[in-house]
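Encoded as structure tokens, the structure appears first; notes follow it.
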Amino acid sequence: MPHLIDFDGLEKNLFILQHLCYASKKFCTKNKISRDAEEFIDYEWWEYAGLLKSIVSNTVIESAIKIRMLQDFAQKESEDVDLSTMDQEACENLSIGIVRKGAIVLSLRESCNKIVHATEARMGWSNAGNANDSPEYWNGIYALWGENRGAKWEVELNIEAWCIAMIRFNKIVQEKVDWHHIFKYDE
């Protein structure tokens, strides 16, 4: 029997991550978070960036691993499962990211692989205003770098769209795979 995956917990974490994408600008504007700020309210830029990257990194990694495991379990348990079609359906009308370097077709599955195998990850930042000391916020981009058999690659994930696709995939895999049958005799 495969590991027991908490579908609801996975969706909850993706929901929170998606909301972080939406909330960063407002939070940073309200708290005047900027690398160049001379005055701090409650958070210095580095403190905020460190806390946020820790939350984003851990949630992205955990979610990617769980979805990859779900895909592998589903494929093993049911020959009728078409992961490629499910992946395309989950990503429909979404741009989950951009390939900056490398010969990569960025499917949901491949994005999860890139998360797991990245040797560097950076968050994208934007200014909320025009001045140098204007609040700086996370723009929802999570850039990844790595290497596969000597070939370097770079991918920028759009975390908002990626979360939507991941939540869709989570729902699709629950509908199309008979998990009750898989876990029926689990001990």
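Things worth noting here:
- Any chance ALA103 is exposed (fewer than 13 other Cβ atoms within 10 Å of the Cβ), farther than 17 Å from ASN158 by Cα and among the small types (Gly, Ala, Ser): yes
- Criterion violated by GLU39 - all others in (1) in contact (Cβ under 8 Å) with a residue 24 or more places away in the chain; (2) more than 15 Å from GLU160 (Cα to Cα) satisfied: (1)
- Cβ separations smaller than 6 Å between residues 6+ apart or across chains give the following pairs from region 5-21 residues that are of a type in the set (Val, Ile, Thr) to residues that are open to solvent by less than 80 Å² (accessible area, probe 1.4 Å): ILE5/LYS66; ILE5/LEU70.
- Qualifying positions in region 109-134 - open to solvent by less than 80 Å² (accessible area, probe 1.4 Å) and touching a Leu at 6+ places or on another chain (Cβ under 9 Å): ARG109, SER111, LYS114, ILE115, ALA118, GLU120, ALA121, MET123
- Every pair of residues 6+ apart whose Cβ atoms lie under 8 Å, when the first sits in region 98-111 and is among the hydroxyl-bearing types (Ser, Thr, Tyr) while the second is open to solvent by less than 40 Å² (accessible area, probe 1.4 Å): SER107/ASP87; SER107/CYS91; SER111/ALA64; SER111/ILE96; SER111/GLY97; SER111/VAL155; SER111/LEU157; SER111/TRP162
- Residue ID - nearest to LEU14 (Cα to Cα), chosen from residues in region 136-170 that are out of contact with any Phe, Trp or Tyr (no Cβ under 9 Å at 6 or more places or on another chain) and outside any helix (DSSP H, G or I): ALA143
- Residues satisfying the stated conditions in region 137-164, i.e. open to solvent by less than 20 Å² (accessible area, probe 1.4 Å) and over 15 Å from the mean Cα position of the chain (by Cα): GLY146, TRP153
- ILE115 vs. criteria part of a helix (DSSP H, G or I), touching a strand residue (DSSP E or B) at 6+ places or on another chain (Cβ under 9 Å) and modelled with pLDDT of 95 or more: yes
- Search result, residues across region 139-151 that are of a type outside the set (Gly, Ala, Ser) and at pLDDT 95 or above: ASN139, ILE141, TYR142, LEU144, TRP145
The values are calculated or read from the model by the stated rules, or taken from the named source; none is laboratory data. These numbers were taken from a predicted model, which means no experiment stands behind them. With ideal geometry, Cβ positions are generated from the backbone for all residues, glycine too; neighbour counts draw on all protein chains shown. What goes into the accessible areas is simple: the full protein's heavy atoms, side chains included, and nothing from ligands, DNA or RNA. Shrake-Rupley method; radii C 1.70, N 1.55, O 1.52, S 1.80 Å.
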